[in-house]
Amino acid sequence: MPDALIDLLDSSWFRVGAYAALAALAAWAGWRERRWLATHDAGWWPTYWFLSAGLLVAMGAARAWGLGERVGQIGREQAATDGWYESRRDLQALTVGVLGLIGLVAVVVAIWRLPRRRRRYLVHVFAMAGLIGFAAVRIVSLHQIDTVLYRRDVGGLRVVALVELCLLVLTVLATLMAARIRGPRSPADASAASEPPLPMGAAGSDGTTGVSR
């Protein structure tokens, strides 16, 4: 992989831009769902998209300002001040384990409770959970995980950048898959598309009949 491309992909600002673009895509999905499903029961899914967009903006801002690294540094300094710096890894490992368990329970509940007609949202829910969980793991900063993330690379690209970029790409694909890409052009079209065919000789709302010519 060319060094220039590695430097670009490993740049924090490149990933900040990716978060911003993904937030715009989620806002578009919410706007589209609200507009095109006006004649149907969209439930709270437009709100879900707008909340996702806001969360992605917050995550991008946190990366731009290095909040994750700052929080981790504050935690290490506090541990050193309070005298439990050497034993902090047990707490870090427990925290990572709890986060993994919460994620597993959330996946099971989502699969169990989400109606079948809404299953197309599941991949996006899981992708967002992956982004949040990955950010939380970086903040916890368990030494063994940090060694893999920050000191190892694949083709010259650090594992931390590779994993985050893969999660971002997965979230983009999940958004496109869930956002009714081939839906009707307007609520009127949706209503017309859902109407049953007219019986032979019956007049429609526009005066036409079901008789073919």
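The values are calculated or read from the model by the stated rules, or taken from the named source; none is laboratory data. All of these numbers come straight from a predicted model, not from anything done at the bench. Cβ coordinates were reconstructed from backbone atoms using ideal geometry, including for glycine residues, and neighbour counts include every protein chain displayed.
So here's what we get for this one:
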{"quantity": "Per-region count, region 85-103, residues at pLDDT below 75, loosely packed, with under 12 Cβ neighbours inside 10 Å and either outside any loop (DSSP other than H, G, I, E, B) or at positive phi (or both)", "calculated": "1"}
{"quantity": "Pair list, Cβ < 8 Å and 6+ apart or interchain, from region 16-30 residues that are in contact (Cβ under 8 Å) with a residue 60 or more places away in the chain to residues that are part of a helix (DSSP H, G or I) and polar (S, T, N, Q)", "calculated": "L22/T171; L22/T175; L25/T175; A26/S52; A26/T175; A29/T175"}
{"quantity": "Qualifying residue in region 65-83 (condition: at pLDDT 85 or above and in a helix (DSSP H, G or I))", "calculated": "yes"}
{"quantity": "For R182: the one exception among (1) buried (at least 16 other Cβ atoms within 10 Å of the Cβ); (2) modelled with pLDDT under 80", "calculated": "(1)"}
{"quantity": "Residue tally, condition modelled with pLDDT of 85 or more, part of a helix (DSSP H, G or I) and of a type in the set (D, E, K, R), over region 112-171", "calculated": "3"}
